[in-house]
Amino acid sequence: MLWRHVIRRSALGVFTLFLISLIIFFATNVLPGDAARAILGRSATPEAVAMLKSQLGMDRPLSVQYLAWMGGILHLDMGMSFISRGPVWDIVAPRLMNTLLLLAATSLVALPVSFVIGTVMAIKPGRLFDNAMNGFLIGTAGIPEFVIAIILVLLLSTQVFHLLPSTALVPPGQSVLENPQVLVLPVLTLTFAVMPYLGRLIRASLMDALASEYVVTARLKGLSPRVVLLRHAMRNSLVPSIQAAALTLAYILGGAVVVEFIFQYPGLGSALQSAVAQRDVFVIQAIVLIFAFGYIAFNMVADILTILMTPRLRS
Amino acid sequence: MTFEIRRRSFLKGAVGLAAFSAVGGLASQATAAQTPAKGGKLTIGTQGQAGLGPIDPHRPSGDLGINIANQFNVFEALTKQSNEGGIEMCLAESVTPGDDTATVWVIKIKKGVSFHNGNELKADDVIFSLKRIREPGTMTGGHIGPVKSYEKVDNHTVRLVLEAPRSWFPIALSDPYSSILPAGYDPKAPVGTGPFKYGAVVQSQSVTLDRFDKYHGTPALLDSVVLRPFEDASAMLNALQSGQIDIINDVDASLIGEVEGDTKFKVYNSPTGKFYPIQMRTDVAPFNDVRLRQALRLVIDRQAVLNSVYNGNAALASDLYGRYDPDFDKALTRERDVAKAKSLIEEAGLTGTALELVMYNDMATALVLADNAKEIGINITVKQLDGASFFNEEYMERHFFGGDYWPSGPIFLISSLADGPNAGLDQIRWRDAEYLDLWKKASNTLDAAARRDITMKLQDILFERGGWIIPVYINELALCKAEVAGLPAFDQSGAGIYRALPGLGFAS
Amino acid sequence: MSSLPTLHGPTWFLAFREASRYRRTRIGIAVTLLVIALALLGPLIAPYRPDAFVGRPFMPPGGGFLLGTDFRGRDVLSRLLYGGIPVVWMSFAAASIGMVLGVTVGLVAAYSKGWVDEFLMRVMDVFLSIPLIIFVLLFVSLIGTKEWLVVLLVGVAHMPQVARITRGVAADIVEREFVQFAEALSVPRWRILWREILPNITTPLLVEFGIRIVWSIAGIAALSVMGYGIQPPNADWGLMINENRGRIATRPLPVLAPGLCIAIFAFGINMIAEGIAGTISGTSRKSGGEA
């Protein structure tokens, strides 16, 4: 049952990726402006454009270009960049690493923090902490990431304190890992962006669990509240929490584009922007497919975990 | 009297400068006091792309790593524009007419010039390079025009026979994109003759130039220069403030205030002859009516453009190019005259005409014009496009557009691409018979004084009937760390920082 | 004046009235109305035209410019007062498009069941696997930054999530007796969907509408911040952030002021949505799973 589900979801995922790649490829080619013209700029005379297009292989029929690219993908070759004339993977790989790093760091901060906040709120509902925190979380829930980013920059790097760089400057040839300080503000921004949803969700599911018959019975049996909380309630609230966490990761993937832009963080989002500006079709393809893949994967993982941890769905 | 006018407008500009970038004044004093020491690594931040791929110095690529190399750092041309705007020899020892037709030219090549790969520069390399410059799709082929024959007289002498006369041939060789490459040049292993050679290139992240010790001229002081491209101005500013880069090149005028009053930084602010023309296509209605073109030229508030768009860091222009050409006509100045513009429009029966002005990147100048044009009953809507869309199939056909940049340079260097016979970038299709006749006559005239007279007449015609609106000449602006020494006081080219690199260093 | 709530009354109105008992709803309505008023009336009280170059770039506040000037010497206050309309109308329009499409798909899926349901939901899954911002960024940069296009794309991007929610809440209703009763009487399908099922899921849909507006505000403004939304010289809060970012360190107001306006607008709508959600007892909104 589980495996059939996984296989079906995977097949659907692959089909989705295929559809997306078709859409991107033909959309980027049918619509005005192309890489050759973006490169040539003012010297985009008809002869110069024709020459560069044949150099770049852009004069072949679209279907041939697409099939050649697809053939490459099957061999894990993402094609060549029109702009750098080098493998797309060389451009995308370091950016992907940086975005994954941002994602990992954000999860490491946002998930535990939200979990703790949600749990503390659920244990003593209606008390001062719960009420204050609930108000704060509801109040900040709708605030866009870029506004959070601006406020954090003003607080921590320019107006009040001068602790952190307001843009993520990584010297050429170095990685983000060697400059971990550039991660702080983007991670904080994303954490504040997801905490309202995650924290309240964990609170709600834990409260459901605490109110369930099962826990009430355990408490009546004389188990200490702590044991009840840890052993029974938390386990039962784990399912929605994990689901939420996976969806949150998928969300961060999208939200990271804006945050990367604001902080000029050298990730996939900013790479996508410059690729779009230069109409570098295969780089756009690669990045959008990576995003979609991540999205599908996170959703699927959430699904599978839910099934695994819900006994009645497992059979 | 003419001098007086220029002087006045110059002073106006100077006052603006002093008021709004006090640091600029301090900077020039600091520059004078410091002497650069040998050695060190200088990092330059710039907005755009660099280190993209194979290096072709003759073709535009949007790669600033090629641009910096072409400014006589890695690659050099036969001749060079001086900081003041005249022509001086570089890789050529002399460029002289072979007869009095202005079609035969003898280039004597400087001896003892070594390429970065150790080979000596010879006639074959020059012929190879000139042929390469003439290939389709290059930037500067139009300067030289068609060539009948390339003849190697000896190892250090080349004799060229041109199809059409070019009395200003030494100027034609001076474009930075007419650089001289070794025969059989390989874009994947770029070598030139300049004071720097290509070092490490990190894809889209940095381009390093290392000092070339066997340079034929005065060797550079710095060990290396690193060019770092930024996509975003605020990130670049941060990099300067945090010490990651030493210079920000071509900084937007609105950002200069950021380091105002900070003694750790100084501003390089030099007048130049570069400009962003607004172009009007003259072979179709409505711009085929010269009265419309003149009316727009009369109505645009140049001072407003200078103040708002460039924060005062520019100089008023009067629709003429070649500001630092020795033959530039300083007497032709245009004062704003709304009444005259209005009467021209009414006379032409064009009141109420609606126009669409397409701009590349920044549209502020166009907005000023659109606003001004309302006063004479012309409705201009402004549309802004990015690079890939602006330079699309319509690029050569547009009726009314602007925002792409023209470098500072001698008159004939620009006119041979923009409005001369067979010009490659003449989107304005301005085929004025009188102008073209005089242009050919000037290109026939080897006598400098006689050519100057014709050039003056050419400018009169451009001033009265041309297809370009040139509101201002833009200053070159750069922010530097205070310890960067050896900056020139003035460079007309607009690439002053790049051209100064061999003489730059850190204060000892 | 009080009347008994009936099944055939305007259910959205009843939901609002019930929600307005909560303080957060009242705060939300007040704040939202304030922002909308600012956006609509702002142009009437702005001291300058939003595209007029009235000073030098980045002048500090004072001297006739209450919030200073922007990167081209335009009055920040005037641009702020003119710049609210795009965010307001575009986010409402995009959310509405998303609701109409999503509710239609979700209702049809829930009511049809079987393979139609399966097919529609799989199609929605395909749409769901592209993050909103990337989806819009790609098409906008290709077709050009046109307001209607941004609205349409953001709307379409909302569709799958709305369809899922609608299908979820409608699935129960479809099984109820009164629907089967209507079917037995051969009431036309569209009439059953429109008259019988829709009124019964109004409240959760209203909450969803609110959440869609909040997402639209964030998405549309983010596009402008990145330069893919409203184009210069128009005044727009998101665009102002994009244009004036360069000097955030020494001239924070031209960036902070529009940023706060966007945040307050999103806050207001979110509070209303929260208030309405609070009327559905025992329901905890699960959101956060999408961009």
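What the table shows:
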item: Near pairs, Cβ below 6 angstrom, 6+ apart or cross-chain, from segment B:231-243 (facing chain A (nearest Cβ under 7 Å)) to any residue that is outside any loop (DSSP other than H, G, I, E, B); result: B:S234/C:R245; B:S234/C:G246; B:A239/B:G45
item: Residue match in segment B:362-376 (condition: more than 19 Å from A:L40 (Cα to Cα) and touching a His at 6+ places or on another chain (Cβ under 9 Å)); result: no
item: Lone qualifier among A:L100, A:L67, A:L155 - being of a type in the set (A, V, I, L, M), more than 9 Å from every other protein chain (Cβ to nearest Cβ) and under 22 Å from the mean Cα position of the chain (by Cα); result: A:L100
item: Hits in segment B:123-150 - residues which are surrounded by fewer than 19 Cβ atoms within 10 Å (Cβ to Cβ) and assigned to a loop (DSSP other than H, G, I, E, B); result: B:R134, B:E135, B:P136, B:P146
item: Some residue of segment B:333-356 being surrounded by fewer than 20 Cβ atoms within 10 Å (Cβ to Cβ), among the β-branched types (V, I, T), free of Cβ contacts under 8 Å to residues at least 60 places away in the same chain and in contact with an Asp or Glu (Cβ under 6 Å, 6 or more places away or on another chain); result: yes
item: Qualifying residue in segment A:276-283 (condition: among the small types (G, A, S) and either outside any helix (DSSP H, G or I) or modelled with pLDDT under 80 (or both)); result: yes
item: Members of segment C:251-275 found to be assigned to a loop (DSSP other than H, G, I, E, B) and facing chain A (nearest Cβ under 8 Å), listed by number; result: C:P252
item: Extreme residue, nearest to the other protein chains (Cβ to nearest Cβ), among residues of segment A:259-286 that are hydroxyl-bearing (S, T, Y) and within 15 Å of the chain's Cα centre (by Cα); result: A:S270
item: For B:V225: the one exception among (1) surrounded by fewer than 24 Cβ atoms within 10 Å (Cβ to Cβ); (2) within 30 Å of A:P94 (Cα to Cα); (3) in contact with a strand residue (DSSP E or B) (Cβ under 6 Å, 6 or more places away or on another chain); result: (1)
item: Residue list for segment C:128-158, filter: within 9 Å of another protein chain (Cβ to nearest Cβ), free of Cβ contacts under 8 Å to residues at least 60 places away in the same chain and either hydrophobic (A, V, I, L, M, F, W, C) or over 27 Å from A:R9 (Cα atoms) (or both); result: C:I130, C:I134, C:F135, C:L138, C:F139, C:L142, C:I143, C:G144
item: Any chance C:V150 is at pLDDT 85 or above, under 22 Å from A:V276 (Cβ atoms) and buried (at least 24 other Cβ atoms within 10 Å of the Cβ); result: yes
item: Residue within segment B:382-399 that is of a type in the set (A, V, I, L, M), out of contact with any Pro (no Cβ under 8 Å at 6 or more places or on another chain), more than 14 Å from chain A (Cβ to nearest Cβ) and buried (at least 20 other Cβ atoms within 10 Å of the Cβ) present; result: no
item: Filter result (in a strand (DSSP E or B), among the charged types (D, E, K, R) and either touching a Cys at 6+ places or on another chain (Cβ under 7 Å) or at pLDDT below 95 (or both)) within segment B:196-235; result: B:R228
item: Within segment B:393-450, tally of residues that are under 23 Å from the mean Cα position of the chain (by Cα), part of a loop (DSSP other than H, G, I, E, B) and over 23 Å from B:L162 (Cβ atoms); result: 10
item: Number of the condition not met by C:M240 [criteria: (1) more than 9 Å from chain A (Cβ to nearest Cβ); (2) assigned to a helix (DSSP H, G or I); (3) among the hydrophobic types (A, V, I, L, M, F, W, C); (4) in contact with a Ser or Thr (Cβ under 8 Å, 6 or more places away or on another chain)]; result: (4)
item: Unique match (being more than 9 Å from chain C (Cβ to nearest Cβ), in a loop (DSSP other than H, G, I, E, B) and not basic (K, R)) among A:F161, A:F136; result: A:F161
item: Restricting segment C:40-97 to residues that are on the phi > 0 side of the Ramachandran plot and away from chain B (no Cβ under 14 Å), the residue that is surrounded by the most Cβ atoms within 10 Å (Cβ to Cβ); result: C:G64
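Quick grid of which residues meet (1) outside any helix (DSSP H, G or I); (2) modelled with pLDDT under 90; (3) among the β-branched types (V, I, T):
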{"site": "A:I91", "(1), (2), (3)": "no, yes, yes"}
{"site": "A:T99", "(1), (2), (3)": "no, no, yes"}
{"site": "A:L108", "(1), (2), (3)": "no, no, no"}
{"site": "A:I117", "(1), (2), (3)": "no, no, yes"}
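The values are calculated or read from the model by the stated rules, or taken from the named source; none is laboratory data. Given the structure is predicted, the values throughout are model-derived calculations rather than measurements. Don't worry about glycine lacking a Cβ; one is built from the backbone with ideal geometry, like all the others, and counts go over all protein chains shown.
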